[in-house]
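In what follows, a structure is listed as structure tokens, so that the remarks can point back to it.
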Amino acid sequence: MPMLDDLRRQVEKMLEGRDPGHDFEHIMRVYKNAQKIGEEEGADMKVLLAAVLLHDLVVYPKGSAKRSKSADDSADIAEKILEKRGWPKATIDKVSYCIRTHSYSKRIRPVTLEAKILQDADRLDALGAIGIARTFSVGGSENRKFYNPGDPFWKSSREPDDTVWTLDHFQAKLLNLQNTLHTKTARKVAKERTRFMRQFIGQLAKEI
């Protein structure tokens, strides 16, 4: 779709210098996930892929009081971009809804198929090998320790604290993420990626 190619170039310029967790490469991985899921599930691909390209225009830092506003602020900017491009209001509203409901932290269960797929495609990028890379990248940027040396694998009754220990993010969120997905296509991919992450944890246990 030529209109999406042009939009993609605009987004790439807008995201220059972003942190690796939410940079343009993240957008394109989510785009690839969404293409696969959308084709399998029968989505409106124009709405879906536009939402993917525009879903992370604003990402406030973890711990920021504005963090929960990232999706809404991204949607506000996305609406203006698409309005300038002459997109119909009905289509813009559908794209905006996808963006507003995609965030994990907002705990919203979306209604439309395209919004469900964006949420699934975005969450898949937190799983598997790339999910491991992103997790430790964020942990490093926040100056967190790799793991709790006294109990790295949650054998005791302690609550995981991923604000201090990077590995705790696996137990606190990532290993259960597959249970939050909507589509059969995404759940199949998530199952494989989650299995890989458990293998990583098993190997890490042998090394430390």
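The values are calculated or read from the model by the stated rules, or taken from the named source; none is laboratory data. Predicted, not measured: the structure shown is a model, and the values here were computed from it. Please note: Cβ atoms are built from the backbone with ideal geometry, for glycine as well, and neighbour counts cover all protein chains shown.
A compact table of results
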{"quantity": "Answer residue from the stretch 36-77, given it is among the β-branched types (Val, Ile, Thr) and in contact (Cβ under 8 Å) with a residue 60 or more places away in the chain and is nearest to residue 10 (Cα to Cα) among those", "calculated": "52"}
{"quantity": "Cβ pairs under 9 Å, 6+ apart, first in the stretch 128-150 and more than 17 Å from residue 160 (Cα to Cα), second among the acidic types (Asp, Glu) and surrounded by fewer than 18 Cβ atoms within 10 Å (Cβ to Cβ)", "calculated": "128/192; 137/19; 141/19"}
{"quantity": "Pair list, Cβ under 6 Å, 6 or more apart: the stretch 154-171 residue within 15 Å of residue 141 (Cβ to Cβ), other residue among the β-branched types (Val, Ile, Thr) and surrounded by 20 or more Cβ atoms within 10 Å (Cβ to Cβ)", "calculated": "169/135"}
{"quantity": "Test result for residue 114, in the same structural domain as residue 3 (by TED's automatic domain parsing), of a type in the set (D, E, K, R), in a helix (DSSP H, G or I) and surrounded by 18 or more Cβ atoms within 10 Å (Cβ to Cβ)", "calculated": "no"}
{"quantity": "Filter result for the condition that a residue is surrounded by 15 or more Cβ atoms within 10 Å (Cβ to Cβ), outside any helix (DSSP H, G or I), of a type outside the set (Asp, Glu) and in contact with a Phe, Trp or Tyr (Cβ under 9 Å, 6 or more places away or on another chain), over 8, 18", "calculated": "18"}
{"quantity": "In the stretch 95-111, the residues that are buried (at least 19 other Cβ atoms within 10 Å of the Cβ) and either on the phi > 0 side of the Ramachandran plot or outside any helix (DSSP H, G or I) (or both)", "calculated": "102, 103"}
{"quantity": "Residue within the stretch 61-75 that is of a type in the set (Ser, Thr, Tyr) and buried (at least 17 other Cβ atoms within 10 Å of the Cβ) present", "calculated": "yes"}
{"quantity": "Residue match in the stretch 94-104 (condition: closer than 14 Å to residue 46 by Cα and touching a residue at least 60 places away in the same chain (Cβ under 8 Å))", "calculated": "no"}
{"quantity": "Cross-chain or 6+ apart pairs with Cβ under 8 Å, the stretch 188-207 first and free of Cβ contacts under 8 Å to residues at least 24 places away in the same chain, then assigned to a helix (DSSP H, G or I)", "calculated": "191/178; 198/175"}
{"quantity": "Verdict on residue 34 being part of a helix (DSSP H, G or I) and not assigned by TED's automatic domain parsing to the domain that holds residue 189", "calculated": "yes"}
{"quantity": "Which listed residue, of 113, 174, is touching a residue at least 24 places away in the same chain (Cβ under 8 Å), out of contact with any strand residue (DSSP E or B) (no Cβ under 9 Å at 6 or more places or on another chain) and more than 20 Å from residue 200 (Cβ to Cβ)", "calculated": "113"}
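Here is a yes/no grid of residues against (1) over 17 Å from the mean Cα position of the chain (by Cα); (2) of a type outside the set (Asp, Glu):
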{"site": "108", "(1), (2)": "no, yes"}
{"site": "111", "(1), (2)": "yes, yes"}
{"site": "118", "(1), (2)": "no, yes"}
{"site": "142", "(1), (2)": "yes, no"}
{"site": "161", "(1), (2)": "yes, no"}
{"site": "172", "(1), (2)": "no, yes"}
{"site": "177", "(1), (2)": "no, yes"}
{"site": "181", "(1), (2)": "no, yes"}
